[in-house]
Amino acid sequence: MTTSQKRWITASVAVALLFGMMPVASAMHIMEGYLPLGYSIGWGAVCIPFLAAGIFSIRKIVAQNRKALLILAMVGAYAFVLSALKIPSVTGSSSHPTGTGLGAILFGPSVMSILGMIVLLFQAILLAHGGLTTLGANTFSMAIAGPFVSYGIYRLSLSLKLGKKPAVFLAAALGNLFTYLITSFQLALAHNNGSIAEAFAKFAGIFAITQIPLAIVEGLFTVVVIIGLESYAKPELGELRYYREA
């Protein structure tokens with residue numbers, strides 16, 4: 001990586017962190033205390049095997065290519081800033097981009113379980129977005145379920161010969177939407193009047209009003225970021241899953 005490329009990536013990380021630290025009124029993931037204790041513990045337990053796989057994946061990536069650390073940092077910052085920009089939606093939650101599709105495309109979905117959890121933890125502590133008791137639920141929806149769907153859509157799109165940029169767009173947009181389907185299910189499971197299906201339809205319907213446009217925007221923006229990385233960090237991308245599996 002040349003000096004100019006390092007400066008470009010470092011600057012993008014710095015800008016993302018700067019905007020990500022700006023407070024957003026009424027912004028949150030599933031907020032602190034909104035889930036019963038049993039649900040909070042249960043979702044946290046479900047995340048454990050995915051987090052373990054994420055640790056192994058990151059260790060392997062860094063051991064094979066230490067230059068990937070800069071791109072890993074950029075991916076984390078990208079997820080931080082996008083998921084910090086929220087629109088109040090369903091009571092106890094909100095609509096927002098997720099930013100996790102980019103990392104799933106570049107590194108595979110397991111890596112995003114760790115990066116996404118770190119993003120959510122910092123947002124809960126520093127920005128009061130989400131919460132510590134709901135960290136497990138938020139991690140599962142945004143850092144596990146969404147990235148796995150993004151990666152699956154990306155691979156499927158490539159196998160169908162749709163082209164790399166359409167594949168990136170679909171992966172980021174549909175991963176975003178799936179995150180909110182899971183969030184709707186989590187909320188419906190904990191808060192319903194005897195019918196989980198009706199509660200799910202209600203939560204998902206309200207989310208859809210704001211989330212569908214946001215998903216489209218995130219898909220387009222992720223394509224732009226990929227174009228930038230291909231222009232300034234193509235040698236580093238060549239060592240990642242993004243090119244090896246294309």
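From the list A215, A208, A204, which one is modelled with pLDDT of 90 or more and surrounded by 15 or more Cβ atoms within 10 Å (Cβ to Cβ)? Result: A215 is the single residue among A215, A208, A204 that is modelled with pLDDT of 90 or more and surrounded by 15 or more Cβ atoms within 10 Å (Cβ to Cβ). Within the range 218-245, the set of residues being modelled with pLDDT of 85 or more and hydrophobic (A, V, I, L, M, F, W, C) comprises L220, F221, V223, V224, V225, I226, I227, L229.
Could you tell me which residue of the range 179-195 is nearest to F221 (Cα to Cα), considering only residues that are open to solvent by 70 Å² or more (accessible area, probe 1.4 Å) and either modelled with pLDDT of 90 or more or among the charged types (D, E, K, R) (or both)? That would be L181. Only one of the numbered conditions (1) free of Cβ contacts under 8 Å to residues at least 24 places away in the same chain; (2) crowded, with 24+ Cβ neighbours inside 10 Å; (3) among the acidic types (D, E) is violated by E198, and that is (2). Whether any residue in the range 149-170 is within 24 Å of F203 (Cβ to Cβ), crowded, with 19+ Cβ neighbours inside 10 Å and aromatic (F, W, Y) is what I want to check. No; the residues of the range 149-170 include none that is within 24 Å of F203 (Cβ to Cβ), crowded, with 19+ Cβ neighbours inside 10 Å and aromatic (F, W, Y). Selection of first residues in the range 91-114 that are within 18 Å of K164 (Cα to Cα) and aromatic (F, W, Y) and of second residues that are buried (at least 24 other Cβ atoms within 10 Å of the Cβ) and at pLDDT 90 or above, restricted to Cβ pairs under 8 Å at least 6 apart or on distinct chains, gives the following pairs, ordered by first then second residue: F107/V75. Within the range 45-72, residues that are aliphatic (A, V, I, L, M) reach partners that are outside any loop (DSSP other than H, G, I, E, B) and open to solvent by 40 Å² or more (accessible area, probe 1.4 Å) with beta carbons closer than 9 Å, at six or more positions or on different chains, in the pairs L51/M117; I61/L69; I61/R241; V62/L69; L70/K6; L70/T10.
The values are calculated or read from the model by the stated rules, or taken from the named source; none is laboratory data. Small disclaimer: the values here were computed from a predicted structure and weren't measured. Every residue, glycine among them, receives a Cβ derived from its backbone with ideal geometry; neighbour counts consider all protein chains shown. In case anyone asks, the SASA skips ligands and DNA or RNA and just uses the protein heavy atoms, side chains included. Shrake-Rupley method; radii C 1.70, N 1.55, O 1.52, S 1.80 Å.
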